[in-house]
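The values are calculated or read from the model by the stated rules, or taken from the named source; none is laboratory data. The structure displayed is predicted, hence computed values, not measured ones. Glycine also receives a Cβ, built like all others from the backbone with ideal geometry; neighbour counts cover every protein chain displayed. Accessible surface is based on the protein model in full, side chains and every heavy atom, while ligands, DNA and RNA are left aside. Shrake-Rupley method; radii C 1.70, N 1.55, O 1.52, S 1.80 Å.
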Amino acid sequence: MQKQLLMGNEAIARGAVEAGVEVVTAYPGTPSSEIFSTLAKFAKQYNYQAEWSSNEKVALEVAAGAAYTGARCMVTMKQVGLNVAADPLMTLAYIGVKGGMVLAVADDPGPHSSQNEQDTRAFAKFAKLPVFDPSSPQEAKDMTKYAFGLSEELELPVFIRPTTRICHGCADVTLETIPDPDKRPKHTFEKDPKWAIMPKLSYEKHKWLSLQQEKMREIFNGLSFNRIESGNEIGIVASGLSYQYVKDALNALEIPATVLKIGTPYPLPDRPVKEFFNKVNKVLIIEEQDPVVEEQMIQLAFAQGFRISISGKLDGIVPREGEFNVDKVMKMIQRFLGTAEGEETSISLPPLPVRQPALCAGCPHRASFFAFKEAAKGLDAVFTGDIGCYTLGVTAPLQALDTCLCMGAGITMAAGLNKVEPKRSQVAFIGDSTFFHTGIPGLINCVYNKANITIVVLDNDTTAMTGYQPHPGLNVNAVGEQTIGISIPAIVKACGVEFLEIVDPNDFEKAKKVACAAMAYDGLAVVIMKAPCIKIKREKKMFSVKADLCTNCQICIKKLGCPSLFVSNGKVQVDETCTGCGLCTYVCPQNAIQEVVQDGI
Amino acid sequence: MEYNVMITGVGGQGSVLASRIVANAAMFAGYEVRTSDTIGMAQRGGSVISHVRFGDCIASPLIANGNVDILLGFELAEAVRGLKMLKPDGMAVVNEQVIVPPSVYAGISEYHEAEIKDFLEATVPHLHLFNAVQIARQAGHWKSTNIVLIGALSQIEDFPLNSDQLLESIIQTVPAKMKELNERAFRMGIRHMEELKNGHK
Ligand code: SF4
Ligand code: SF4
């Protein structure tokens, strides 16, 4: 059998292709993005449809339509994206699907790149839908592949919920064959009242959905993703990736505990749990995020009359916050057993610099923020932010953003702030992809409800933070075909905005003037800062500091925080990562930063 | 057998690719492999860590404290950040490049280069500290620093993967048009270590 080194996200994509997926939709979001990027890459070769949808709700609905015909579909997103898709999801669970539908929703305990640590397993339980929790990239692939058939058997969407360390970790994965796309059956939508939800049907379908819970549980009882590894009378339960930490921890501690591995946290399979209760005399449940398995196990123990003590999050042994690792899990086990916790490794490090992520050298967002900061001097303006690379405008020295909540909230929250403080200036920043995702309803609301704010669309021709995906503003789609890109200025104008300016932030003096005019304007003003992300398009330019002119005031570094500027031997210098945006030349009072004439990079 | 490599650096230095190259080579060599990389926000100049584990039977994708056999440091301070994880007799191959983060210029934190370097030298008995970015520039581009470091890694005594396996993995992993540059960078990393060895004799 052929093995290949695959990232968890690639393994999930591979599982979908091995299952014969026919339609894939997604909105990018770390740590889920590479599932779809991988699928998009192979869409032509294996003849399936793949689209970056404009947001997660749209993605889920497009896939639902396709699944109604009997086609196999996958939808991918990150955990907070599921909130956006919650509306169709909650009712789709009642209606059900015909073709297998797998929702790959990636969670981010830590969090590493997210606004919160919400648990998709809890969401699945809320929606009454089954969820798989993989413990490795191999299992992620196997579960994904299996989930399509399960979805068809249950006629329900099925979740697979990898976490960051599964998504962004590689492993040797065994590949299986990919079915011939030409041998797929033809699908067609068959008209039937069951596809249109009405209150009466809803009640009937809710009853059906409740019955399906027991059917799912019965199926899960027989799956080897859930299994007992027998040992002594100490019982440890682990869901998903925690299973691997538990294995390493028990090994290191030399404790031969009995382990119950859970691969389907909802609905919890009852047979292996009962068998496990009969083998052990106390139980510790280790799962990241919410006590999803724990609460179901306590319910089951109580309802079935098992007299056994169950530890986990509810008695404080296992934290609800943050991500786990082997060392943390060892401590949980030691706390549970009342044995001494291991000593911390003793070396204490010298003080190290704080290294937070920052905008790239030459990022046009830096110039946009700086233009508005200059324009807002002395105005005590509030800058609301949104989700994307530009969220990094929060960090020092720019400190350009005062708020960040969720996708699309920059515009709407500025409008809310304006209602209470109409005399103060509010400036909302939003990226191009985010504008298409949930920015447009906010814009419409601003016009209609007369918000007197400035909206700045940072249009850099890509969805940069999640890996440079295309979006509806571009003339190219996910699989590289030409398409009709939607013009942001045309939308803004169509919404009735009277003040609209488009400017290149790298043309700094002009950008600053536009920023001043927009903030001074009485009424809704929209500024589109248009310059491509430096990672997708750059000129072959570089700057350097003329040592004889530089007085080492370090104003350039302190104001902009461009990572290409540094001080060496008491002198400001520009390193080879400079992209030649020229922003620093506008702030240098000595004109000491000048373009290098060179013969190409 | 179980072997743990930790790669620490600054987002954008190419540590994710390095982790993939080592992991791929380990798979060629017939081992079970698990890795974990920092992808996402931290890739924009934040601290990044990759764990690469291979051996006969590997469970967790993260290395436990004190279990790192080799630390591959892409930047001076980031290498020191990873030291807590190193085995007492672990090795370190470190690029001595210093990348001062914006927080230092903003007055939020400090970068004590001399102190950090002294600490590294005093704490790690088997340390190879050298200017990999300089060698990468000589090879053709600073961006091949990661490959120079992998070249150096291949020369570490008892490292379970040999240079042929690593080179094969590099060729498979990097974009075709970067092949020549990276092959050169790899060989220069090897040569640097050989010169060190001969110099010590
Ligand atoms: S021109 Fe100045 S601000 Fe722009 S990337 Fe180069 S050093 Fe940074
Ligand atoms: S990836 Fe692009 S948008 Fe993101 S910080 Fe870098 S230059 Fe800016």
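Considering only region B:105-141, how many residues are surrounded by 19 or more Cβ atoms within 10 Å (Cβ to Cβ) and either over 27 Å from A:P350 (Cα atoms) or among the β-branched types (V, I, T) (or both)?
6
Looking at A:Y586 and the list (1) open to solvent by 70 Å² or more (accessible area, probe 1.4 Å); (2) within 14 Å of chain B (Cβ to nearest Cβ); (3) among the hydroxyl-bearing types (S, T, Y), which single condition is not satisfied?
(2)
Among the candidates A:N452, A:N460, which residue alone is farther than 30 Å from A:I35 by Cα and surrounded by 15 or more Cβ atoms within 10 Å (Cβ to Cβ)?
The match here is A:N452.
Suppose we filter A:A525, A:A547, A:A531 for residues that are more than 10 Å from chain B (Cβ to nearest Cβ), crowded, with 18+ Cβ neighbours inside 10 Å and more than 13 Å from ligand 1 (Cβ to nearest atom); which single one remains?
Just a single option satisfies the conditions, and that option is A:A525.
Please indicate, with yes or no, whether at least one residue in region A:205-223 is under 30 Å from A:R335 (Cα atoms), of a type in the set (A, V, I, L, M, F, W, C) and either within 32 Å of the chain's Cα centre (by Cα) or exposed (fewer than 12 other Cβ atoms within 10 Å of the Cβ) (or both). Walk me through it before giving the result.
Taking region A:205-223 and keeping what is under 30 Å from A:R335 (Cα atoms), we get none.
Scanning region A:205-223, I find no residue that is under 30 Å from A:R335 (Cα atoms), of a type in the set (A, V, I, L, M, F, W, C) and either within 32 Å of the chain's Cα centre (by Cα) or exposed (fewer than 12 other Cβ atoms within 10 Å of the Cβ) (or both), so the answer is no.
Give just the number: which of (1) under 25 Å from the mean Cα position of the chain (by Cα); (2) more than 9 Å from chain B (Cβ to nearest Cβ) does A:A358 not satisfy?
(2)
Residues are listed down the side, and each one gets a yes or a no for (1) touching a Pro at 6+ places or on another chain (Cβ under 6 Å); (2) away from ligand 1 (no atom under 16 Å from the Cβ); (3) open to solvent by 70 Å² or more (accessible area, probe 1.4 Å):
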site: A:V280; (1), (2), (3): no, yes, no
site: A:V283; (1), (2), (3): no, yes, no
site: A:D290; (1), (2), (3): no, yes, no
site: A:L300; (1), (2), (3): no, yes, no
site: A:V318; (1), (2), (3): no, yes, no
site: A:E323; (1), (2), (3): yes, yes, no
site: A:P351; (1), (2), (3): no, yes, yes
site: A:F370; (1), (2), (3): no, no, no
site: A:E374; (1), (2), (3): no, no, no
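Would you mind finding the one in A:I234, A:I285 that is aliphatic (A, V, I, L, M) and either touching a Phe, Trp or Tyr at 6+ places or on another chain (Cβ under 9 Å) or farther than 24 Å from A:A106 by Cβ (or both)?
None of the others qualify; the one that does is A:I234.
What do you reckon, is A:E509 within 24 Å of A:L392 (Cα to Cα), more than 13 Å from ligand 1 (Cβ to nearest atom), open to solvent by 20 Å² or more (accessible area, probe 1.4 Å) and not hydrophobic (A, V, I, L, M, F, W, C)?
When the stated conditions are applied, A:E509 passes them.
What pairs come out if I take residues in region A:397-411 that are assigned by TED's automatic domain parsing to the domain that holds A:T30 and pair them with residues that are at pLDDT below 95 and open to solvent by less than 40 Å² (accessible area, probe 1.4 Å) whose C-beta lies under 9 Å away, six or more apart or interchain?
So the pair list comes out empty.
I'm trying to understand the selection: among the residues of region B:83-99, which are surrounded by fewer than 20 Cβ atoms within 10 Å (Cβ to Cβ), within 10 Å of another protein chain (Cβ to nearest Cβ) and part of a loop (DSSP other than H, G, I, E, B)?
B:V98
Scan region A:436-454 residue by residue and report those that are small (G, A, S) and under 15 Å from A:Y521 (Cα atoms). Walk me through how you get there before you give the answer.
In the first step, residues of region A:436-454 are kept if they are small (G, A, S); the result is A:439, A:442, A:451.
Scanning region A:436-454 gives a single hit, A:A451.
Name the strands (runs of 3 or more DSSP E) wholly within region B:21-78 that hold at least 2 residues that are in contact with a Gly (Cβ under 8 Å, 6 or more places away or on another chain), farther than 30 Å from A:G388 by Cβ and more than 8 Å from every other protein chain (Cβ to nearest Cβ)? It would help to see each step written out before you state the result.
Numbers: elements: B:32-36, B:47-55, B:68-73.
Those strands (runs of 3 or more DSSP E) span B:68-73.
For A:L560, are the conditions met, namely being within 16 Å of ligand 1 (Cβ to nearest atom) and either open to solvent by less than 30 Å² (accessible area, probe 1.4 Å) or touching a Cys at 6+ places or on another chain (Cβ under 6 Å) (or both)?
Working: within 16 Å of ligand 1 (Cβ to nearest atom): yes; either open to solvent by less than 30 Å² (accessible area, probe 1.4 Å) or touching a Cys at 6+ places or on another chain (Cβ under 6 Å) (or both): yes.
So A:L560 passes the test.
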